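S.K.: First the structure, then my questions, so here it is.
The values are calculated or read from the model by the stated rules, or taken from the named source; none is laboratory data. Just so it is clear, the structure is predicted and the values come from calculations on it, not from any experiment. Because the Cβ atoms are built from the backbone with ideal geometry, glycine has one as well, and the counts that use them run over all protein chains shown. With ligands, DNA and RNA removed, areas are computed over all heavy atoms of the protein, side chains included. Shrake-Rupley method; radii C 1.70, N 1.55, O 1.52, S 1.80 Å.
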Amino acid sequence: MAVPRLVRRFFAAGPPARDRALAGRLMRVIFGCYVVVAVGLTALQMLVAYRAASQRLQDDVAALQRTFSPGIEDAMWRYNGEVLRGILTGMREIPAVVGVEVLDEAGGRVQAIGTVTDASGRIWHIGGQEAAPSVARSFGTPFSRTFPIVHIDGNGRRYPIGSWTVHSDDSIAIEQVKNTLYVILINSAIKSVMLWFIFYLVIRTMVGRPLGQIRDYLARIDADTLAAPPLTIEAGGRNELHALAGALNTMRDRLRCAFEENAALMRDLREMNATLQDRIAERTRDLETLAHTDLLTGLFNRRKLDEALAEAAERACSSGTPLALILGDVDNFKAVNDRYGHTIGDQVLVAFAALLRDAVRPSDILGRWGGEEFMLLCPVTDLSAAAAIAERLRQRVEATALPEVGPRTCSFGVAVLAPGESTDSLVARADAALYRCKRNGRNRVEASAGLQPEVEMPERAA
């Protein structure tokens, strides 16, 4: 039952989709060539069989002379029409004979029976003594054999008394080999159908299925599936398709190794890039810090103080809050450098900066303005509060022993930003207040009460 179902499914749906490619075309080409050869050989075989049957028919007609010529000669010599008619009727029963006619010496018809063809090619059907035209055969070619009727007397003399003709047709040969031709056709048809299924099964198993597996495998493979199991061809034996599968597996392994190497390289590059970015960011922060930091004390440098002062002044103007500026200076610092050297002088400045850093508020901005001079910006601080901060710093410095030099004193000038005043004017007023401290004996705090006309101040002594 499995074979009929396979036949019905095959002719109903045709070959599978994967066999419509190379395997299907290969099967059609091979089977087409086979059909052409099979049809040619079948036609040749049928032609040979027909020729053999036709030749046997010719031989059978020729053999009638030996059998019936003596009887016909005797009946004609004796003018015995009944015997002659009986002989002709018997001959008509032979399958190879379609008609027989007997002519006299002058060519006149003595007797005839069956279907005969005259000299003009007309076909006559003769039954008894009557003759009627017969319809030409649609298949087959009529032919005839004529034999002389000669009487030999006792002395051996020959007397020609006429002739008799046997009419036949090639269609009789076809009828004789018809069954053989049927067998040949059925045999060829069965072999063609069986070979078709053999071709289909073999090509599908050995070519179509492996190619389909290779196609599906290549369609699924990508960077994420390179680690999948290798391609295995489900076909018996070893052939070029197995070699192709092996080459594909080798290529897959190389690609997987290449992808893994590329992935590792990309990870290394990303790590290196992240490291470089971190280093660049760190170096950028260091450079920004260096750009805004005094290298000796670690406080903001003058550049940063200028920026911070401008920003603080802008905020104070927009918000309407006070902004105080304090300038501090170590008293008699030149004497420290002269007596102890610049190295001790730098240590004194570092200690002084640390003392100020620890004493200011978190909201205040402290930096080194230049030399031994320091600036403190106090947002949202009026003049009295700023003076109090400066006094507290002065007292703390006075009570603290600095490295190598012991306790020292410092002076502070205080000023508050007036409405519409520039930052340069604010710094100049705080500097003028600091100058008054130096002039009035040092170790004190002086405040600038308000805007005053700018006067040229002599260089103050340390």
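S.K.: Looking at (1) more than 22 Å from K438 (Cα to Cα); (2) touching a Ser or Thr at 6+ places or on another chain (Cβ under 8 Å); (3) open to solvent by 30 Å² or more (accessible area, probe 1.4 Å), can you tell me which one L323 breaks?
M.R.: (3)
S.K.: Shifting gears a bit: Provide a single number: the residues in the range 90-107 that are surrounded by fewer than 13 Cβ atoms within 10 Å (Cβ to Cβ) and within 25 Å of I174 (Cα to Cα).
M.R.: Selection size over the range 90-107: 2.
S.K.: Would you say V110 is open to solvent by 40 Å² or more (accessible area, probe 1.4 Å), in a strand (DSSP E or B) and on the phi < 0 side of the Ramachandran plot?
M.R.: Considered against the rule, which asks whether it is open to solvent by 40 Å² or more (accessible area, probe 1.4 Å), in a strand (DSSP E or B) and on the phi < 0 side of the Ramachandran plot, V110 comes out as yes.
S.K.: Which pairs turn up if I take residues in the range 187-216 that are within 21 Å of N249 (Cβ to Cβ) and look for partners that are open to solvent by 40 Å² or more (accessible area, probe 1.4 Å) and among the acidic types (D, E) with beta carbon separation below 8 Å, at least 6 apart in sequence or on another chain?
M.R.: R209/E234; P210/E234; Q213/E234
S.K.: Mind checking which residues of the range 394-403 are open to solvent by 40 Å² or more (accessible area, probe 1.4 Å) and within 18 Å of N440 (Cβ to Cβ)? Let's see the steps before the verdict.
M.R.: Step one: list which residues in the range 394-403 are open to solvent by 40 Å² or more (accessible area, probe 1.4 Å), which gives 395-396, 398-401, 403.
Answer for the range 394-403, where residues must be open to solvent by 40 Å² or more (accessible area, probe 1.4 Å) and within 18 Å of N440 (Cβ to Cβ): Q395, E398.
S.K.: Within the range 178-201, identify whether any single residue is at pLDDT below 75, under 28 Å from L244 (Cα atoms) and buried (at least 18 other Cβ atoms within 10 Å of the Cβ), and answer yes or no.
M.R.: Yes, because at least one residue in the range 178-201 is at pLDDT below 75, under 28 Å from L244 (Cα atoms) and buried (at least 18 other Cβ atoms within 10 Å of the Cβ).
S.K.: Across the range 89-107, what is the number of residues that are assigned to a helix (DSSP H, G or I) and under 25 Å from D153 (Cβ atoms)?
M.R.: Matching residues across the range 89-107 total 0.
Yes or no, residue by residue, for (1) touching a helix residue (DSSP H, G or I) at 6+ places or on another chain (Cβ under 6 Å); (2) not charged (D, E, K, R):
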{"position": "D338", "(1), (2)": "no, no"}
{"position": "I344", "(1), (2)": "no, yes"}
{"position": "L356", "(1), (2)": "no, yes"}
{"position": "A359", "(1), (2)": "yes, yes"}
{"position": "L376", "(1), (2)": "no, yes"}
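S.K.: Could you look through the range 59-81, keep only residues that are within 24 Å of A173 (Cβ to Cβ) and in contact (Cβ under 8 Å) with a residue 12 or more places away in the chain, and pick out the one that is surrounded by the fewest Cβ atoms within 10 Å (Cβ to Cβ)?
M.R.: A62
S.K.: Hey, can you tell me all the residues within the range 202-231 that are open to solvent by less than 90 Å² (accessible area, probe 1.4 Å), of a type outside the set (S, T, N, Q) and not in a helix (DSSP H, G or I)?
M.R.: Those that are open to solvent by less than 90 Å² (accessible area, probe 1.4 Å), of a type outside the set (S, T, N, Q) and not in a helix (DSSP H, G or I): I221, D222, A223, L226, A227, A228, P230, L231.
S.K.: Filter the range 158-177 down to residues that are acidic (D, E) and open to solvent by less than 80 Å² (accessible area, probe 1.4 Å) and give me whichever is nearest to V39 (Cα to Cα).
M.R.: Among residues in the range 158-177 that are acidic (D, E) and open to solvent by less than 80 Å² (accessible area, probe 1.4 Å), the one nearest to V39 (Cα to Cα) is D170.
S.K.: Follow-up question, since we're still on this one. Among the residues of the range 404-435, what is the count of those that are surrounded by fewer than 17 Cβ atoms within 10 Å (Cβ to Cβ) and in contact with a strand residue (DSSP E or B) (Cβ under 6 Å, 6 or more places away or on another chain)?
M.R.: 1
S.K.: Residues to consider are F259, F300; find the one that is open to solvent by 50 Å² or more (accessible area, probe 1.4 Å) and either among the basic types (K, R) or at pLDDT below 85 (or both).
M.R.: F259
S.K.: Also: Can you confirm whether A12 is modelled with pLDDT of 55 or more, in a helix (DSSP H, G or I) and among the aliphatic types (A, V, I, L, M)?
M.R.: When the stated conditions are applied, A12 does not pass them.
S.K.: Scan the range 262-297 for residues that are assigned to a helix (DSSP H, G or I), under 28 Å from V350 (Cα atoms) and open to solvent by 90 Å² or more (accessible area, probe 1.4 Å) and jot them down. Give the steps one after another, and end with the answer.
M.R.: Within the range 262-297, the subset assigned to a helix (DSSP H, G or I) is 262-292.
Retained after the next criterion (residues that are under 28 Å from V350 (Cα atoms)): 282-292.
Once the filter is applied, which keeps residues that are assigned to a helix (DSSP H, G or I), under 28 Å from V350 (Cα atoms) and open to solvent by 90 Å² or more (accessible area, probe 1.4 Å), the range 262-297 yields E282, R283, R285, L287, E288, L290.
S.K.: Now a separate question. What is the one condition in (1) open to solvent by 40 Å² or more (accessible area, probe 1.4 Å); (2) at pLDDT 85 or above; (3) on the phi > 0 side of the Ramachandran plot that G128 does not satisfy?
M.R.: (2) is the only condition that G128 fails.
S.K.: Taking G237 as meeting all but one of (1) open to solvent by 90 Å² or more (accessible area, probe 1.4 Å); (2) assigned to a loop (DSSP other than H, G, I, E, B); (3) modelled with pLDDT under 85, write down the number of the exception.
M.R.: (1)
S.K.: Here is a further query. Of all residues in the range 338-378 being of a type in the set (G, A, S) and in contact with a Pro (Cβ under 9 Å, 6 or more places away or on another chain), which is surrounded by the most Cβ atoms within 10 Å (Cβ to Cβ)?
M.R.: Residue satisfying both the conditions and the ranking: A351.
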